[in-house]
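The values are calculated or read from the model by the stated rules, or taken from the named source; none is laboratory data. Quantities reported herein were computed from a predicted structural model and do not represent experimental measurements. Methodologically, a virtual Cβ is constructed for each residue, glycine included, from the backbone with ideal geometry; neighbour enumeration extends over all protein chains shown. For the accessible areas, the whole protein counts, side chains as well, though only heavy atoms, and no ligand, DNA or RNA atoms are used. Shrake-Rupley method; radii C 1.70, N 1.55, O 1.52, S 1.80 Å.
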Amino acid sequence: CPSPSDLRTANGTRICAQLYADDSAYYDQCCGGAVLVVPPGADMPYMPSGWAARASSLVVGTRCDLTVWSRAGKRGSSKKFSA
């Protein structure tokens with residue numbers, strides 16, 4: 001997995017979080033498969049098509065928080081992640 005301070009686009013723009021579709025019990029094999037990029041200030045009350053219940057691992061960038069909910073539309077229980 002990338003380190004939180006390494007989350008940047010190819011042109012150097014900061015990324016707040018990356019969610020990954022594939023996970024593994026072995027750390028060096030985590031953060032694989034499809035990637036969902038979360039830019040700074042993003043507000044996504046619904047997961048994009050094909051991502052519902054799919055994210056298996058994530059990395060949150062420095063100076064960012066990622067809050068996720070158990071149900072669509074920001075309902076249910078929530079959990080906050082940070083670097």
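What to note about this one:
- Members of the stretch 57-78 that are part of a strand (DSSP E or B) and farther than 21 Å from Leu7 by Cα: Trp69, Ser70, Arg71, Arg75, Gly76, Ser77, Ser78
- In the stretch 23-56, the qualifying residues are those that are out of contact with any Phe, Trp or Tyr (no Cβ under 7 Å at 6 or more places or on another chain) and not in a loop (DSSP other than H, G, I, E, B), and the one that is least open to solvent (accessible area, probe 1.4 Å) is Val38.
- Only one of the numbered conditions (1) closer than 24 Å to Gly73 by Cβ; (2) modelled with pLDDT of 85 or more is violated by Val59, and that is (1).
- The stretch 59-82 - residue that is touching a residue at least 40 places away in the same chain (Cβ under 8 Å) and open to solvent by less than 60 Å² (accessible area, probe 1.4 Å) and, of those, farthest from Val38 (Cα to Cα): Thr62
- Restricting attention to the stretch 9-31, the residues that are among the aliphatic types (A, V, I, L, M) and either touching a helix residue (DSSP H, G or I) at 6+ places or on another chain (Cβ under 9 Å) or more than 14 Å from Arg54 (Cα to Cα) (or both) add up to 4.
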